[in-house]
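Derivation of every value follows stated rules applied to the coordinates shown; laboratory data play no part. Since the structure is predicted, the reported quantities are computational estimates derived from the model, not experimental observations. Neighbour counts are summed over all protein chains in view; Cβ atoms, including those assigned to glycine, are modelled from backbone coordinates with ideal geometry.
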Amino acid sequence: MTTGTSLALAGSLFAAKNKYVEDENMNAIRTGRISGKRRDYEWQIVWRNVMAFVYLHVGLIYGFYLILTGNVKLWTPIFAVLFTLLSAIGVTVGAHRLWAHRAYKARWPMRLLLALLQTMAFQNHIYEWVRDHRVHHKYTETDADPHNARRGFFFSHIGWLMVRKHKEVFEKGAQIDMSDLEKDPIVMFQKKTYLVVMPILCFLLPSWVPVYCWGEDPWTSWYVASIWRYTLSLNFTWLVNSAAHIWGNKPFDKNIGATDNVTVAICAVGEGWHNYHHVFPWDYKAAELGNYRTNISTAVIDLAAKYGWAYDLKTVSVQMIKNRVARTGDGSHPSVQETKQVDDDHDHAHPENPVWGWDDKDMPEEDRLLVEISHQKSE
Ligand code: ST9
Ligand code: ZN
Ligand code: ZN
């Protein structure tokens with residue numbers, strides 16, 4: 001890295017930190033807690049994680065080198081990409097839309113399969129993933145948000161996994177209803193067995209398959225099918241927390257930080273329509289789109305619904321979307337010509353009534369009545 005680039009990077013990190021400190025000071029003044037709290041923002045670095053992420057990213061670059069220089073058998077990167085897609089489905093269709101947001105229901109064979117795929121992704125077990133994600137939706141861009149994007153790109157992307165959490169995350173997180181997951185034996189079994197099963201599914205299995213099936217060199221297999229694949233898929237996932245809270249349009253609510261970002265949608269198999277998603281977190285499509293081009297996860301749920309594995313798919317009525325676009329959108333929605341923008345001087349980072357998903361007791365009854373539920377079945 002050149003000195004100029006280093007300085008620019010340091011400058012932007014410093015600016016992001018300063019903006020955060022300014023915001024915090026304002027917050028402290030408003031809430032009357034001026035002193036004694038700043039230590040909450042001091043990074044208590046977890047060096048074990050820092051070292052692990054440094055290793056993973058060096059491995060990511062080395063994996064790219066092996067692939068780009070042809071030092072790899074053809075099937076190894078193809079297998080790595082397919083493995084990534086499968087594990088991504090475990091995260092998006094499983095941990096995210098099913099377990100975190102209850103946007104649809106799934107029969108036990110599908111839940112078992114999704115739990116296995118989610119374990120392949122090593123993004124923490126479902127219970128921990130969901131609690132952090134619900135608290136992110138409920139307290140978006142506040143101290144209780146585990147990857148608060150107001151603390152800058154680096155923090156919301158990867159930094160939050162290298163430091164101890166803000167105490168508000170624990171306090172607010174403890175109030176989140178997790179009883180639905182506690183009643184799901186598949187989720188609780190995964191939680192109990194995670195530390196044994198995860199390394200097998202996320203690292204040993206993908207390294208072993210290329211060696212056993214097409215004679216890949218074990219060292220190459222480790223760096224391409226395991227380390228390159230895992231680190232790339234983590235970065236694609238983290239873009240939802242960082243880029244899709246910084247850059248993009250806000251067609252549904254301009255008063256929140258989350259954005260619709262097509263690049264993130266492509267990288268994160270359909271999870272980049274994040275402005276929509278924060279406004280309607282219980283929509284199984286996590287987007288308004290009527291097609292699957294940038295939303296493979298929706299295609300998977302629709303396919304599962306066709307065979308009765310997924311049911312009670314919740315989505316937003318056209319009327320509800322129109323109302324919301326007209327009331328709080330930023331004017332980038334295609335339908336905006338027909339409607340009138342209102343409330344221009346509103347500026348806060350929180351939606352008017354954040355809910356983590358279906359079954360959140362704070363969801364307004366009038367919203368609940370406008371929701372469309374397809375493939376309904378009794379349990
Ligand atoms: C990862 C997660 O990467 C990624 C999530 C992304 C979400 C994106 C969502 C968007 C949609 C999905 C898109 C997918 C696209 C896929 C595309 C793929 C191509 N409330 O944690 P501790 C308790 S993970 C209440 O140690 P520290 C906790 O239970 C990457 N309580 O806190 C514990 O209690 P007890 C791999 C909470 O010490 C106690 O607090 N994993 C909450 O501050 C201490 O917990 C890693 O790298 C809460 N929210 O440490 C592991 N949270 O003792 C990283 C915690 O009673 N994690 N508690 O059990 C760690 O090492 C640590 O958690 C830490 C914080 C250092 C970050
Ligand atoms: Zn978000
Ligand atoms: Zn979500």
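Miscellaneous remarks
- Sorted by Cβ neighbour density within 10 Å, fewest at the top, the residues 76, 69, 119: 69, 119, 76
- Each Lys or Arg adds one and each Asp or Glu subtracts one; over the other residues with Cβ under 15 Å from the Cβ of residue 112, this totals +4.
- Here 375, 245 are placed in order of increasing Cβ neighbour count within 10 Å, fewest first, which gives 375, 245.
- Signed unit charges on C-beta, dipole axis of the range 47-374, positive-most listed residue 244, 207, 163: 207
- Distant-in-sequence amide contacts of residue 163, defined by a placed amide H-H separation under 5 Å and a gap of 5 or more residues or a different chain, comprise 46.
- Which of 359, 330 has the fewest Cβ neighbours within 10 Å, and the rest in rising order: 359, 330
- Restraint check, 138/191; 165/191; 285/306; 138/250, Cα-Cα greater than 25 Å: none
- Applying the Kirkwood pairwise sum to the alpha-carbon positions of the range 93-134 produces a hydrodynamic radius of 10.2 angstrom.
- ³J(HN,Hα) computed for each position of the range 169-175 - Karplus, 6.51 cos²θ - 1.76 cosθ + 1.60, integer Hz, glycine/proline x: 5, 5, 5, 6, x, 5, 8
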